[in-house]
Amino acid sequence: MRRFFSRMNPTLRGFLILVAIAVVVVVLQLESTLIALALLARIAFLLAIAFFVYLVWRERREEIGLWPRRASIAFYSAAILAVADLGVYWYGGASSGLEAVAFVAVLVLCAFAMFRIWRDQHHYV
C-alpha cells in the first residue's frame, strides 16, 4: 500500500489528503473548531506581516532618518495607510466589488507613493 501512495501523482495525493481531512471534519462535526483555527491563523498571519515590516524598518531607520522631514512623513503616512487598509479589509471585509476595487486602489497608490519617495531619495545625479 505504501508503494501505491509513493508512486501516485503528487497532485492526486494532495487532493486525497484534503478529501480525507474534509471527511474527518464533517464526520466529527468540527466546523466550529475549524472556524476558530482559521481566525487564529488570520491573526498569526497579520502578526507575521507586522513583524516582517518592523524588521525591515529597523534595518533602514537610520537611512530614513537622513531624509527630509516631508519625505519621511509622507513615507510613514503611506505605510500606515496601507496597514490600516489591510486591517479594514481583513476584519471588515468587502461586501461589494466596488469596495474590493477601492481596497486594491489604496494599496497600489500607497505602494506607488512609497516607491517614488524611496526612489527620489536614492537619486544620486
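The values are calculated or read from the model by the stated rules, or taken from the named source; none is laboratory data. Predicted model only: the values in this text are computed from it and were never measured. Cβ: placed from backbone, ideal geometry, glycine included. Neighbour counts: every protein chain shown. Heads up: the accessible areas ignore ligands, DNA and RNA and are worked out on the full protein's heavy atoms, side chains in. Shrake-Rupley method; radii C 1.70, N 1.55, O 1.52, S 1.80 Å.
So in the range 101-125, with the set limited to residues that are of a type in the set (D, E, K, R) and surrounded by 11 or more Cβ atoms within 10 Å (Cβ to Cβ), which one is nearest to Leu66 (Cα to Cα)?
Asp120
Would the range 89-100 turn up any residue that is without any contact (Cβ under 8 Å) to a residue 40 or more places away in the chain, part of a loop (DSSP other than H, G, I, E, B) and open to solvent by 90 Å² or more (accessible area, probe 1.4 Å)?
yes
Criterion first (over 30 Å from His122 (Cα atoms), open to solvent by less than 100 Å² (accessible area, probe 1.4 Å) and part of a helix (DSSP H, G or I)) does Tyr76 satisfy it?
Taking the combined requirement at face value, the residue does not satisfy it.
Taking the condition on the phi < 0 side of the Ramachandran plot and at pLDDT below 90, does Leu86 pass? Break it down stepwise before answering.
Details: on the phi < 0 side of the Ramachandran plot: yes; at pLDDT below 90: yes.
When the stated conditions are applied, Leu86 passes them.
Quick one: which residue in Leu81, Leu37 is over 21 Å from His123 (Cα atoms), touching a helix residue (DSSP H, G or I) at 6+ places or on another chain (Cβ under 7 Å) and surrounded by 11 or more Cβ atoms within 10 Å (Cβ to Cβ)?
That would be Leu81, the only listed residue that is over 21 Å from His123 (Cα atoms), touching a helix residue (DSSP H, G or I) at 6+ places or on another chain (Cβ under 7 Å) and surrounded by 11 or more Cβ atoms within 10 Å (Cβ to Cβ).
Answer with yes or no whether Ala48 is in contact with a Cys (Cβ under 8 Å, 6 or more places away or on another chain) and under 30 Å from Asp120 (Cα atoms). Show your work before the answer.
Numbers: in contact with a Cys (Cβ under 8 Å, 6 or more places away or on another chain): no; under 30 Å from Asp120 (Cα atoms): yes.
Judged against the criteria, Ala48 is not a match.
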